[in-house]
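Here's the structure, in structure tokens; my notes come after.
The values are calculated or read from the model by the stated rules, or taken from the named source; none is laboratory data. Note that the structure is predicted; figures quoted are calculated from it, not measured. No Cβ is skipped: glycine too gets one built from the backbone with ideal geometry, and neighbour counts run over all protein chains shown. The area values use the complete protein model at the heavy-atom level, side chains included, leaving out ligands, DNA and RNA. Shrake-Rupley method; radii C 1.70, N 1.55, O 1.52, S 1.80 Å.
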Amino acid sequence: MRFNHNDTTIRAALSEDEVNDLGIIELLFFSYRDFTADPDKQLETMGFGRAHHRVLYFVNRKPGMSVAELLDVLKITKQSLARVLKQLVDNGHIIQLTGETDRRQRELYPTVSGRELILSLTQPQSNRIAAALAESNVTEKQIIQNFLKAMVNSDQRDQIDSLPLSR
């Protein structure tokens, strides 16, 4: 990055006068940081990262999903997915099968070790959510779910509804 010496140094913090809802933005940053911390540590010991976590998660949530469906959910390139998927297949966490109705499609399924891994990654996250929700009532939980769903682009919300028990 090139530094322009003509720029004036700003000493005042970004404020609500410039951007609305800074408190919520910060809460999202901090909660995501802590939400991903435990799985990140475990993944790092295996040479995996968050992309591996996401692939494992969605393949376990919807076994048999096609590679095309997964690309659409994750919004990543085929090249990025290919590297991550190869590692997960080579390590025995996911298996690719030829599609039953369309032989050109590749369907993705978790293996037993893939299911065990995603359970160990998501359990700390589930515990964190349960502890946070324990401080909320049923109405607040629904408000939280509605808010988070509303944060997803409206044309992509059907992906949430396509997962089992996502409502």
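Numbers at a glance
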{"quantity": "Qualifying positions in region 84-102 - surrounded by fewer than 18 Cβ atoms within 10 Å (Cβ to Cβ) and either of a type in the set (Ser, Thr, Tyr) or in a strand (DSSP E or B) (or both)", "calculated": "Ile95, Gln96, Leu97, Thr98, Thr101"}
{"quantity": "Close pairs from region 76-98: first within 13 Å of Phe48 (Cα to Cα), partner hydroxyl-bearing (Ser, Thr, Tyr) and open to solvent by 70 Å² or more (accessible area, probe 1.4 Å), Cβ under 9 Å, at least 6 apart", "calculated": "none"}
{"quantity": "Residues of region 62-75 that turn out to be of a type in the set (Gly, Ala, Ser) and either open to solvent by 30 Å² or more (accessible area, probe 1.4 Å) or touching a residue at least 60 places away in the same chain (Cβ under 8 Å) (or both), as a count", "calculated": "1"}
{"quantity": "Close pairs from region 105-125: first more than 22 Å from Leu71 (Cβ to Cβ), partner outside any helix (DSSP H, G or I) and open to solvent by less than 60 Å² (accessible area, probe 1.4 Å), Cβ under 7 Å, at least 6 apart", "calculated": "Ser113/Gly92; Ser113/His93"}
{"quantity": "Evaluation of Leu56 against (1) under 21 Å from Pro124 (Cβ atoms); (2) out of contact with any helix residue (DSSP H, G or I) (no Cβ under 7 Å at 6 or more places or on another chain); (3) open to solvent by less than 50 Å² (accessible area, probe 1.4 Å) (one fails), failing number", "calculated": "(2)"}
{"quantity": "Any pair with Cβ under 9 angstrom, 6 or more apart, that starts in region 50-61 at a residue that is at pLDDT below 95 and ends at one that is not in a helix (DSSP H, G or I)", "calculated": "none"}
{"quantity": "Count - residues of region 26-75 that are aromatic (Phe, Trp, Tyr), more than 11 Å from the chain's Cα centre (by Cα) and within 17 Å of Ile94 (Cβ to Cβ)", "calculated": "1"}
{"quantity": "Matching entry among Ile118, Ile129 (being open to solvent by 20 Å² or more (accessible area, probe 1.4 Å) and among the β-branched types (Val, Ile, Thr))", "calculated": "Ile129"}
{"quantity": "Of all residues making up region 27-49, the number that are part of a helix (DSSP H, G or I), open to solvent by less than 90 Å² (accessible area, probe 1.4 Å) and not β-branched (Val, Ile, Thr)", "calculated": "10"}
